[in-house]
Amino acid sequence: MNWYEDEELWQTFYDCMFDENSFIHAKQQIPQLLNLAKPDIKTILDLGCGPGRHCLPLAEFGFDVTGLDSSAYLLSKAQEKAKEQNLNINFIQKNMLDYQAQNSFDLIINMFNSFGYFQTHEQNQQVINNAYNNLTKQGTFIIDTVGKETLARIIEPVHLTEYENGDIRIERPLLIDDMQVFSNEWMLIKDDKVHRFNYQHFVYTPLELTHMCQKAGFLHIEVYGSLHGDAYDLDSERLVVVASK
């Protein structure tokens, strides 16, 4: 079983990863996302949507939204929130490697470090290939992740976060395999119990992601250091790739 298929991980760390502020932050990103994409968008796919942080506000804006995720638990959270807000969103439980809906979407987004989860570069390339095939003729694919250069600059041997409810999360991150892979051990101290999980995913430079998008067939590729469209440099906190047909 791959780490992202472990439902216990999402259940245990849900409150840490998806607090209310993360939903507020995602909603604030919607105008920025739309500014980076082409005009006349009607249909949007959120690839790796999790509990719907971006799906929900996009649906509020009136778009036809589909959310795709492999986690039944996270999708159940997304469905609950959509029902509470009376929003019509099509949620699909499926691995993004397998999802094919030819030429269905004007915009596909992959947000908050949801790229690079698979075990080989070829599989991660297939995710971009699928995105290309699932876009309309004038469609756009946006990846929002952390660049390899940024991780090398900010990574700490140990990082501790204490939450208002008394929970404590300890992280032990590493860049391994010639700095190709980000590996992290998470420990959550909650109710006098210690929960441990490890996860790994590939990390990429702007040039590597650009080449992958070109290989998939994208003709127009822009790289930014934020969703605001800032230039990517060594001080950038995000790596945003906007690839259009």
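Just so it is clear, none of the values below were taken in a lab; they were calculated from the coordinates. Keep in mind it's a predicted model, so treat the numbers as computed, not measured. Every residue, glycine among them, receives a Cβ derived from its backbone with ideal geometry; neighbour counts consider all protein chains shown.
Could you compute the FRET efficiency for Gln85 and Glu122, with r as their C-beta to C-beta distance and R0 at 30 Å, rounded to 0.05?
0.15
Do you know the Lys pair count in the chain for C-alpha distances under 23 Å, with sequence separation 8 or more or different chains?
Taking the chain as the scope, the lysine pair count is 21.
When a footprinting reagent is the concern and you count Cβ atoms within 10 Å, what order do Arg196, Arg53, Arg169 take, fewest first?
Arg196, Arg169, Arg53
Taking GluC sites (Glu not before Pro) as candidate sites, keep only those in a DSSP loop with at most 12 other Cβ atoms within 10 Å, then name the longest stretch of the chain containing none of them.
Answer - 1-163.
Mind checking the full-extension length gain between Ile189 and His211? Use 0.36 nm per residue of separation minus the Cα-Cα distance, one decimal, nm.
Computed gain between Ile189 and His211 is 3.8 nm.
Can you tell me the dipole magnitude for the stretch 150-200 around its Cα centre, using point charges on the Cβ only (Lys, Arg +1; Asp, Glu -1), in Debye to the nearest 20?
The calculation lands at about 60 debye.
Which of the following values of Kirkwood radius over Cα pairs in Å was calculated from the structure shown: (i) 23.3; (ii) 18.5; (iii) 19.6?
(ii)
How would Ile24, Ile41, Ile108 line up from fewest to most surrounding beta-carbon atoms within 10 angstrom?
In increasing order of surrounding Cβ atoms, one gets Ile24, Ile41, Ile108.
Could you give the size of the charge dipole of the stretch 4-80 about its Cα centre, using +1 on the Cβ of each K and R and -1 on the Cβ of each D and E, expressed in debye and rounded to the nearest 20?
Computed about the Cα centre, the dipole is about 480 debye.
What are the residues whose amide H is under 5 Å from the amide H of Ile89, where those residues sit 5 or more places off or on another chain and H is modelled from the backbone?
Placed amide hydrogens put nothing under 5 Å from Ile89.
Calculated from DSSP H runs of 4 or more alone, at -39500 (n - 2.57) each and per residue, what is the 222 nm mean residue ellipticity of the chain, nearest 500?
-9500 deg cm²/dmol
Compute, for the chain, the length of the dipole vector about the Cα centre, with Cβ point charges of +1 (Lys, Arg) and -1 (Asp, Glu) only. Units Debye, rounded to 20.
In total the dipole reaches around 760 debye.
Taking Cα centroids, how far is the stretch 43-76 from the stretch 102-169 in Å?
Cα centroid of the stretch 43-76 versus Cα centroid of the stretch 102-169: 15 Å apart.
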